[in-house]
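The values are calculated or read from the model by the stated rules, or taken from the named source; none is laboratory data. As the structure is a computational prediction, the values presented were derived from the model and not from experiment. Heads up, the Cβs are rebuilt from the backbone with ideal geometry, glycines too, and the neighbour counts pull from every protein chain shown. Remember, those area values only see protein heavy atoms, side chains included, never the ligands or the DNA or RNA. Shrake-Rupley method; radii C 1.70, N 1.55, O 1.52, S 1.80 Å.
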Amino acid sequence: MKAKISFAGPFLWSLLVVNAAIAADRGAMVEQLQLPAGFVVEEVVAVPNARSLALGDNDTLFVASQVKGLVHAVRDVSSANPTVVVIAEKLRFPNGVAFLNGDLYVAEMNRLLRYSDIESHLDEPGEPEIIVDDLPGKTQHGWKYIAFGPDGKLYVTVGSPCNACNEPDFGLILRMNPDGSDREVFARGIRNSVGLAWQPDTNVLWFTDNNRDMMGDDEPPGELNKAAKPGLHFGFPFCHGINTVEPEAELAALGSCDNSQPPALELPAHVAALGLAFYDSEQFPPEYRSQIFIAEHGSWNRSEKIGYRVSLVRLDEAGRNAVSYEVFADGWLQGGKVTGRPADVLVARDGSLLISDDKAGKIFRVSYDAATLE
């Protein structure tokens, strides 16, 4: 009996210490984040290198990553006790996830995989079906972002494998059927897009793009783009933003800013805008509805860091034009120290906003609570 008591005491004490440390870490992370009045933030769950997000039919959040080739599923993400399981490992940069008709699609560098009826097999998903195995992909910007459009087709980003170069088979958004057939180029001239979203009322595609580096702290601008039709060229590598001409003469000669599609909005240089989402729910106040949230991963090629936040882009009443840009959630950058890097945003079914953070390895939830204003 004494041996049993002597084991249980230190064991239980160590559990209390570990749990207290986890709680303190969660509290410290949440405490530093700043939001507009009435909004509250909480940590939902820890997921290593949490990147792109997709939501299943049964409250399962699928979380892609880059390191270690892992894909996670968060069961009951809206509940008080979500649980995390690994559903895929040893994949090659599985940055993209999308969900359609019960199936999970995962994008690697060169392949698209499908896990059928995934929410019924989270513990034993089995081997996926290979949908496509010949996607353009090189290490730099080779990770893919994928999403299903309102037309039922799968859209796949293909980043340019360089800082600035002329690679016609890259810098694209591809479009195809869910089985990989009828593949086509939907848009060109895109250096590195890691976020796609369709406007609910118009079904127009909006997407982020990260322009080249090594042009100074404030050039070139980042981009929020919209593609109302297929076949548009968005300027890379000869034009960045609305009218910033590429400094390398050989690339600048490939085209003109006047003949390319300008962005819907220029974003601050180097904020690294990744995932974006239209707010299409009713939990937040009316002034946020149909507006765009963007995860800003944060700068590396800048003397003073910028980004590391979630921004808000407001549209005009018709929803056609971006008219303002502001910081919505901030605090991942503290006195030059980076504690987290938002990578994607997703509107949950309860109307809250989920944010993935690949540096901290966490999923956050932002909710609106009018009672906090009293």
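For the subset of segment 243-269 comprising residues that are within 29 Å of the chain's Cα centre (by Cα) and of a type in the set (D, E), which member is nearest to S324 (Cα to Cα)?
Only one residue fits best here, namely E266.
Need the failing condition index for P128 against (1) surrounded by 17 or more Cβ atoms within 10 Å (Cβ to Cβ); (2) in contact (Cβ under 8 Å) with a residue 60 or more places away in the chain; (3) more than 18 Å from the chain's Cα centre (by Cα); (4) at negative phi, just the number.
So P128 meets the others, but not (2).
Give just the number: which of (1) closer than 18 Å to V45 by Cβ; (2) modelled with pLDDT under 95 does D344 not satisfy?
For D344, the exception is condition (2).
Answer yes or no: is there a residue in segment 292-307 that is modelled with pLDDT under 95 and under 19 Å from S193 (Cα atoms).
The answer is yes, given that some residue of segment 292-307 is modelled with pLDDT under 95 and under 19 Å from S193 (Cα atoms).
One line per residue, one yes/no per condition, for (1) closer than 24 Å to I190 by Cβ; (2) among the small types (G, A, S); (3) in contact (Cβ under 8 Å) with a residue 12 or more places away in the chain; (4) open to solvent by less than 20 Å² (accessible area, probe 1.4 Å):
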site: A273; (1), (2), (3), (4): yes, yes, yes, yes
site: A277; (1), (2), (3), (4): yes, yes, yes, yes
site: E304; (1), (2), (3), (4): no, no, yes, no
site: G307; (1), (2), (3), (4): yes, yes, yes, yes
site: E326; (1), (2), (3), (4): no, no, yes, no
site: G335; (1), (2), (3), (4): no, yes, no, no
site: Y368; (1), (2), (3), (4): no, no, yes, no
site: A371; (1), (2), (3), (4): no, yes, no, no
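With respect to P262, determine if the residue is open to solvent by less than 10 Å² (accessible area, probe 1.4 Å), of a type outside the set (A, V, I, L, M) and within 30 Å of E184 (Cβ to Cβ).
In short, no.
Look at N166 and say whether it is among the polar types (S, T, N, Q) and open to solvent by 10 Å² or more (accessible area, probe 1.4 Å).
Yes, satisfied.
Being under 19 Å from L354 (Cβ atoms), surrounded by fewer than 23 Cβ atoms within 10 Å (Cβ to Cβ) and in contact (Cβ under 8 Å) with a residue 12 or more places away in the chain is true for just one of L104, L91, L70. Which residue is that?
L70
If I filter segment 74-88 down to residues being in a loop (DSSP other than H, G, I, E, B) and out of contact with any Pro (no Cβ under 9 Å at 6 or more places or on another chain), which single residue comes out as most open to solvent (accessible area, probe 1.4 Å)?
Once the filter is applied, the top-ranked residue is N81.
Which condition from (1) farther than 19 Å from G241 by Cβ; (2) part of a loop (DSSP other than H, G, I, E, B) is the one that H270 breaks?
H270 satisfies every listed condition except (1).
Within segment 337-366, restricting attention to residues that are open to solvent by 60 Å² or more (accessible area, probe 1.4 Å) and farther than 19 Å from V194 by Cβ, which residue is nearest to the chain's Cα centre (by Cα)?
R349
Using the structure shown, decide if F234 is buried (at least 23 other Cβ atoms within 10 Å of the Cβ), at pLDDT 95 or above and of a type outside the set (D, E, K, R).
yes
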